[in-house]
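J.: One structure, as structure tokens, below. Some questions next.
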Amino acid sequence: MTFHIRPALTQLSRYGAGGVAVLRRTPESATGPLIQLAQNEGSYGPLPLAQQAVEAAIAAGNRYPEGNYATLRRAVAAHHDIPEERIFVAGGTTAVMHHLSLCLLEPGDEVVFGRPSFLAYHLETLKRGATPVGVPLTPDGSFDTEALLRAITPRTKIAYLANPNNPSGGMLTRDEISTFLDALPSHVVPVLDEAYFEYVDHPDYPDGIAEYAAPHAHRLVVLRTFSKIYGLAGLRVGYAVMPPGLVQAAMSAQVPFEVNTLGLVAAKASLAAPAHEIAHRRHETIIHRGLLADALTALGVPSLPSVGNFLQARVGNADDIAAELELQGILVRSLATWGAPDSIRITVGTREEIDRFVTALAHTSIGSGGG
């Protein structure tokens, strides 16, 4: 039987997670435990309260999750002092983007974003038959808001702002975002992606929900996730603050029970965790990020300044260096398919993981002067 596949989908390639599925090393080449530094995961597991919540909830695993996620939506609303009607919960922020595209995009529409940036902006646009418009970043790796505004046309429906940007780690200041939002044409929905919000301690880094959600309530979407600093990447829970009408449309289009019970209870418990636990994770990440940047500099490898839990480093041929590292049991993300074929992205891991990575990098062609 011949199937008629929508033409928009023929342009897609499957999102590559950069995990063990692509592992090249053999038992003979293995040099120790696998170090996963390719996916920007948090270095810590779930918070203690989240682990306890999961343990208590597993006994009810024979029951479907709460259908409208009302309990978690109420908890998120209270956490941010935002009406519950403005909270949308989904299976990670990528799922939120999927539902936004489903609700807002028609074939021929356009979506603008910085490039290189998170691949989902591009892929979720293509799925709807819309046109992705990538705009080069600034030299420091942040979105060029002035260039983004120039790229907007009457066909533009969504404008993504990643803050900080993945993979570069660059951030936008509160003034830059405020100016952008004020200048954005009324037919465009701004989506502020703050997946790495909890890692940032820069004084000029804004809280998109606290600072912009009220004045731009009629159209602004702000994304957050439990996958990163909260350590719940495997449970897949993210959320958005957005206009109530868009929440209702997205919930109507959502697959039933998209988020499982364990993810829901773990996310709710994470919001109740003591502030010092999050602060400790942020502090450790900042310290280790500095150590990683210094080690790269010592090897002659330039990296972009980052406020996230990752660094973008220019290594020459990214695919080759990533493959050499993989043979030594170190997984990093080549950015060749992201539009940066000379760069890799390295998750900021534990001190031991950083030491393993630096030693491995020194044993690639980078260390021998061939990078």
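J.: What are the pairs, 6+ residues apart or on separate chains, where a residue within the stretch 267-278 that is touching a residue at least 40 places away in the same chain (Cβ under 8 Å) has its Cβ under 6 Å from a residue that is β-branched (Val, Ile, Thr) and surrounded by 15 or more Cβ atoms within 10 Å (Cβ to Cβ)?
T.: ALA267/VAL237
J.: If we keep just the residues of the stretch 309-346 that are β-branched (Val, Ile, Thr) and assigned to a helix (DSSP H, G or I), which is modelled with the highest pLDDT?
T.: Applying the first criterion (β-branched (Val, Ile, Thr)) to the stretch 309-346 yields 315, 321, 330, 332, 337, 344, 346.
After this cut, where a residue has to be assigned to a helix (DSSP H, G or I) as well, the list is 321, 337.
Details: ILE321: 96, THR337: 90.
For the stretch 309-346, the residue satisfying everything is ILE321.
J.: Give ARG314, ARG356, ARG345 a once-over and let me know the one that is closer than 26 Å to PRO132 by Cβ, open to solvent by 30 Å² or more (accessible area, probe 1.4 Å) and either in contact (Cβ under 8 Å) with a residue 60 or more places away in the chain or touching an Asp or Glu at 6+ places or on another chain (Cβ under 6 Å) (or both).
T.: Numbers: ARG356 fails: closer than 26 Å to PRO132 by Cβ; ARG345 fails: open to solvent by 30 Å² or more (accessible area, probe 1.4 Å).
The match here is ARG314.
J.: Name, by its number, the condition in (1) in contact with a Ser or Thr (Cβ under 7 Å, 6 or more places away or on another chain); (2) open to solvent by less than 20 Å² (accessible area, probe 1.4 Å); (3) not hydroxyl-bearing (Ser, Thr, Tyr) that does not hold for ALA130.
T.: (1) is the only condition that ALA130 fails.
J.: Considering only residues that are in a helix (DSSP H, G or I) and either within 23 Å of GLN39 (Cβ to Cβ) or out of contact with any strand residue (DSSP E or B) (no Cβ under 8 Å at 6 or more places or on another chain) (or both), which ones fall in the stretch 195-209?
T.: Just the residues of the stretch 195-209 that are in a helix (DSSP H, G or I), to begin with: 197-199, 208-209.
The answer is PHE197, GLU198, TYR199.
J.: Looking only at the stretch 171-187, filter to residues that are among the aliphatic types (A, V, I, L, M) and within 22 Å of the chain's Cα centre (by Cα); which one of those is farthest from ASN40 (Cα to Cα)? Working first, answer last.
T.: Quick first cut of the stretch 171-187, residues among the aliphatic types (A, V, I, L, M) only: 171-172, 177, 181, 183-184.
Retained after the next criterion (residues that are within 22 Å of the chain's Cα centre (by Cα)): 171-172, 177, 181.
On the way: MET171: 16, LEU172: 20, ILE177: 24, LEU181: 28 Å.
Ranking the candidates gives LEU181 first.
J.: Shifting gears a bit: Right, LEU292: open to solvent by 40 Å² or more (accessible area, probe 1.4 Å) and touching a residue at least 12 places away in the same chain (Cβ under 8 Å) or not?
T.: On the way: open to solvent by 40 Å² or more (accessible area, probe 1.4 Å): no; touching a residue at least 12 places away in the same chain (Cβ under 8 Å): yes.
No.
J.: Let me ask another. In the stretch 209-234, which residues are open to solvent by 30 Å² or more (accessible area, probe 1.4 Å), free of Cβ contacts under 8 Å to residues at least 40 places away in the same chain and farther than 17 Å from LYS157 by Cβ?
T.: If the condition is that a residue be open to solvent by 30 Å² or more (accessible area, probe 1.4 Å), free of Cβ contacts under 8 Å to residues at least 40 places away in the same chain and farther than 17 Å from LYS157 by Cβ, then GLU211, ALA214, PRO215, GLY234 are the ones that fit.
J.: Looking only at helices (runs of 4 or more DSSP H) that lie completely in the stretch 37-111, which have at least 2 residues being under 25 Å from THR347 (Cβ atoms)?
T.: Numbers: elements: 48-57, 70-80, 93-104.
Helices (runs of 4 or more DSSP H) meeting the threshold: 48-57, 93-104.
J.: Taking the condition touching a residue at least 12 places away in the same chain (Cβ under 8 Å), in contact with a Leu (Cβ under 9 Å, 6 or more places away or on another chain) and not basic (Lys, Arg), does SER168 pass? Lay out the reasoning, then the answer.
T.: Working: touching a residue at least 12 places away in the same chain (Cβ under 8 Å): yes; in contact with a Leu (Cβ under 9 Å, 6 or more places away or on another chain): yes; not basic (Lys, Arg): yes.
For SER168, the condition - touching a residue at least 12 places away in the same chain (Cβ under 8 Å), in contact with a Leu (Cβ under 9 Å, 6 or more places away or on another chain) and not basic (Lys, Arg) - is met.
J.: Looking at ALA250, is it open to solvent by less than 20 Å² (accessible area, probe 1.4 Å) and modelled with pLDDT under 95?
T.: no
J.: Run down LEU104, LEU100 and say which single residue is at pLDDT 95 or above, touching a strand residue (DSSP E or B) at 6+ places or on another chain (Cβ under 8 Å) and open to solvent by 30 Å² or more (accessible area, probe 1.4 Å).
T.: Working: LEU100 fails: open to solvent by 30 Å² or more (accessible area, probe 1.4 Å).
After applying the criteria, what remains is LEU104.
J.: Please give the number of the condition THR337 fails out of (1) hydroxyl-bearing (Ser, Thr, Tyr); (2) within 28 Å of GLU284 (Cα to Cα); (3) open to solvent by 40 Å² or more (accessible area, probe 1.4 Å); (4) in contact (Cβ under 8 Å) with a residue 40 or more places away in the chain.
T.: Here THR337 meets the rest and fails (2).
J.: Sticking with this one: Condition check: closer than 29 Å to LEU72 by Cα, in contact with a Phe, Trp or Tyr (Cβ under 9 Å, 6 or more places away or on another chain) and open to solvent by 20 Å² or more (accessible area, probe 1.4 Å). Does PHE118 satisfy that?
T.: Taking the combined requirement at face value, the residue satisfies it.
J.: Right, another one. Only helices (runs of 4 or more DSSP H) wholly contained in the stretch 226-305 count here; list those with 2 or more residues that are within 20 Å of the chain's Cα centre (by Cα) and closer than 25 Å to VAL54 by Cβ.
T.: Numbers: elements: 244-253, 261-271, 275-298.
Because the criterion is at least 2 residues that are within 20 Å of the chain's Cα centre (by Cα) and closer than 25 Å to VAL54 by Cβ, the helices (runs of 4 or more DSSP H) in the stretch 226-305 that meet it are 261-271, 275-298.
J.: Could you tell me which residue of the stretch 347-357 is nearest to GLY141 (Cα to Cα), considering only residues that are of a type outside the set (Asp, Glu) and not in a strand (DSSP E or B)? Can you show your working first?
T.: Narrowing the stretch 347-357 to residues of a type outside the set (Asp, Glu): 347-351, 354, 356-357.
Still in the running and not in a strand (DSSP E or B): 348-351, 354, 356-357.
Values: VAL348: 17, GLY349: 21, THR350: 24, ARG351: 25, ILE354: 22, ARG356: 26, PHE357: 23 Å.
Checking each candidate, the answer is VAL348.
The values are calculated or read from the model by the stated rules, or taken from the named source; none is laboratory data. Keep in mind that what you see is a predicted model, and the values were worked out from it rather than measured. Glycine also receives a Cβ, built like all others from the backbone with ideal geometry; neighbour counts cover every protein chain displayed. Ligands, DNA and RNA are stripped out before the accessible areas are found, and what is left, the full protein with its side chains, is counted by its heavy atoms. Shrake-Rupley method; radii C 1.70, N 1.55, O 1.52, S 1.80 Å.
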